[in-house]
Amino acid sequence: MTYMWINAKDDVTKWFWTLVILSVTPPVFSNTALLIIDVQNCFLPGGSLAVTNGDHVIPVINDIRRKYENQISLTVLSQDWHCQDHVSFASQHAGKQPLETITLDYDRNGHLCSNKTTCQVEYSLNQTLWPDHCVINSTGAEFGSRLDHKTDDVIVRKGYHCEIDSYSAFFDNGGFTKTELEDILNAHNITTVIVTGLALDFCVYYTSKDAKKLGFDVYMIKDASRPVIQQNVPTVIKDLESLGVHVIDSSSLVNFISSSSAATTCLTMSYIYISLLLTVLYLGI
Ligand code: VGL
Ligand code: ZN
């Protein structure tokens with residue numbers, strides 16, 4: 001295309017190719033998505049798997065939305081969405097209590113092996129058992145009523161395969177199936193994700209980890225999240241930081257988000273300026 005531009009004989013053809021080149025060479029944009037993980041009644045006070053002070057994340061998340069409205073181009077809410085006899089429920093395992101851990105075996109196709117003698121075990125996963133929670137279409141599965149919600153927010157459901165859990169909003173715990181989240185982020189040219197919600201040591205942790213693995217720039221917002229088990233927090237944060245996830249408080253977001261958008265504006269302006277200058281120079285205006 002540039003070759004055609006150089007060889008163009010008259011001004012009109014040069015203008016034509018200039019416009020073509022400008023339209024197919026977009027400036028570098030850093031698009032940011034806000035991920036709100038599992039802010040659902042089952043994890044809020046009064047819920048069946050209530051996270052201590054889980055409701056405290058709601059005003060922090062609403063503030064982030066309001067303050068960075070111009071920088072956040074997409075908001076995604078994930079929704080834990082379990083079958084009523086989901087394999088992660090302690091109630092489905094005789095004699096087991098919530099928070100006990102069991103091993104689940106899967107065959108090469110990711111199907112749960114219920115009978116080890118007839119099933120070829122290919123993968124074994126540790127599964128923490130939970131109280132029944134976030135059952136499909138129950139009030140427990142609804143989003144917290146005080147969470148700001150807009151019509152163009154995207155909802156990504158997870159955990160609806162009855163035989164496997166899904167902490168991450170991207171993949172199930174065995175990596176057998178994926179949700180639509182990655183494709184949605186890519187379709188919106190998202191390069192940066194801000195991860196908030198519940199619970200810090202499970203779904204927020206695994207979602208942040210997978211987002212980083214998939215190549216996104218990831219900001220996990222500590223004060224916009226709460227853990228199921230407080231003692232897990234230092235290990236989780238250390239692990240995320242070692243992977244390159246930025247673990248920050250919402251008050252520091254201003255330094256990262258506005259500086260990255262300032263850099264984007266600066267790059268965009270330079271791009272427009274240089275393009276115009278070249279056009280003017282070559283056309284001899
Ligand atoms: C979660 C445990 C079970 C979470 C979901 O959202 O962190 N934790 N299901
Ligand atoms: Zn769950």
Calculated diffusion of segment 57-196, Stokes-Einstein form, Kirkwood radius summed over Cα pairs, 37 °C and 0.692 mPa s, µm²/s:
193
Could you grab the relative contact order for segment 31-261? Cα pairs under 8 Å, six or more apart, rounded to a whole percent.
25
How far apart, in nm, are two points set 7 Å out from the Cα along the Cα-to-Cβ line at LYS178 and at THR118?
3.4
Take segment 142-190, drop everything but the C-alpha atoms, weight them equally and run the Debye formula without solvent; then report log10 I(q)/I(0) at 0.13, 0.32, 0.33 Å⁻¹ to two decimals.
-0.39, -1.14, -1.17
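Just so you know, all these numbers are worked out from the coordinates, no wet-lab data involved. Note that the structure is a prediction, hence the values are computed from the model and not measured. Glycine also receives a Cβ, built like all others from the backbone with ideal geometry; neighbour counts cover every protein chain displayed.
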